[in-house]
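Okay, structure first, notes after.
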Amino acid sequence: MDAADEARLVGLARTGDMRAFARLVDAHQPTVRAFLRRLVGSYADADDLAQDAFARTWEVLHRYDGSSRLRTFICGVAFQYWRRARRAQSRRQQREDAYAELADTDTEPPARAAQRLALRRAMNDLPEDQRAVLALCLGQEFTHAEAAEALGLPLGTVKSHVTRGRARLQAALGVATETTP
Amino acid sequence: MSNDHDLADLLGKAPSDAPDPGFRFDVLARVTLRARRRAALDRALNQVAAFAAIGLIFPLAQAAGLGVDALQPLLLAGGVLAAAAAAAFFTISGPRLAWAQSRAALRRPLLKT
């Protein structure tokens, strides 16, 4: 979807056009869901949060000024939802999530499942902001500037989060840290 | 395994770029649900405010030294106005357009031939 088409759909959605909003959901759901899946770990919880984030986006679409891309705005909303959900989450729920993650690995080769669990543990040990930065910048086309805008962080902080976070994840996998260009 | 895309895939696979009708349906259902909840909250607040105001009339009148006899014409006028407002509200935006439906029911033949 190009920028002009997106701006037109945003304009229609602001006037209450649900079809236009549904097209925006279709266009941006892969990015937002991927971000939350990497952040949360559990696919079901991530999709649940993504749906809440889109529903909230519908309510606050008038605040979107068009200075950034819409996906940046939606990921910012999703990040706020994740933080709120994380604070409300009880320890019991965390244990259930850990069990669910183990159950998800049943269909994978054992080596890859072990890598995934090691990576998830390393990810869970990272500070909230660093996790979010990695979930946005690894494997997605988010630039550091876009991630900074979505998460409300300074650009320099995002860059250092990416470098240090990547190193910690690689260390968890037993891979020597690479220097990035 | 040092590639960023590999790391990202291990952390969580991105869903397909193709539109996901199930996801879209769930989002729109949540939008509707949240709008209904907000409307219900607004209605509840309005009702609480209205009943609180009605409930305040009597203690305030008593404090001002007015008895029930003195207030009777005012209460009668207020009651008639409230009934008219309720009837208008249900006619214009009631859940089933009460008057329109009752008129339609009256026009309907009692026995189909």
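The values are calculated or read from the model by the stated rules, or taken from the named source; none is laboratory data. On a predicted model such as this, the values are computed, not experimentally measured, just so you know. Virtual Cβ from ideal backbone geometry, glycine too; neighbours counted across all protein chains shown.
Of all residues in segment A:121-136, how many are under 14 Å from the mean Cα position of the chain (by Cα) and either over 14 Å from A:Arg86 (Cα atoms) or within 10 Å of another protein chain (Cβ to nearest Cβ) (or both)? Summing the residues that are under 14 Å from the mean Cα position of the chain (by Cα) and either over 14 Å from A:Arg86 (Cα atoms) or within 10 Å of another protein chain (Cβ to nearest Cβ) (or both) in segment A:121-136 gives 7. Criterion applied to A:Gly76, A:Gly11, A:Gly66 was being over 27 Å from B:Lys13 (Cβ atoms) and modelled with pLDDT of 90 or more, and the one residue passing it is A:Gly11. Of the numbered criteria (1) more than 9 Å from every other protein chain (Cβ to nearest Cβ); (2) not in a helix (DSSP H, G or I), the one B:Asp17 fails is (1). Residues satisfying the criterion are present in segment A:48-62 (criterion: modelled with pLDDT of 90 or more and not in a helix (DSSP H, G or I)). Screening A:Leu134, A:Leu126 for residues that are touching a residue at least 60 places away in the same chain (Cβ under 8 Å) and under 19 Å from A:Ser42 (Cβ atoms) leaves exactly one candidate, A:Leu134.
A single entry from A:Ala46, A:Ala34 fulfils the requirement of being facing chain B (nearest Cβ under 8 Å), aliphatic (A, V, I, L, M) and closer than 16 Å to A:Glu141 by Cβ: A:Ala34. Taking B:Asp9 as the residue in question, decide whether it is at the interface with chain A (Cβ under 9 Å from one of its Cβ atoms) and in contact with a helix residue (DSSP H, G or I) (Cβ under 7 Å, 6 or more places away or on another chain). Considered against the rule, which asks whether it is at the interface with chain A (Cβ under 9 Å from one of its Cβ atoms) and in contact with a helix residue (DSSP H, G or I) (Cβ under 7 Å, 6 or more places away or on another chain), B:Asp9 comes out as no. Is it the case that segment B:42-65 has a residue that's at the interface with another protein chain (Cβ under 9 Å from one of its Cβ atoms) and under 28 Å from the mean Cα position of the chain (by Cα)? No, segment B:42-65 has no match at all.
All conditions but one from (1) more than 9 Å from every other protein chain (Cβ to nearest Cβ); (2) touching a Gly at 6+ places or on another chain (Cβ under 8 Å) apply to B:Gly22; the one that does not is (2). Checking A:Gly165, A:Gly139, A:Gly174, A:Gly156 one by one, the residue that is farther than 18 Å from A:Ile74 by Cβ and in a loop (DSSP other than H, G, I, E, B) is A:Gly174 and no other.
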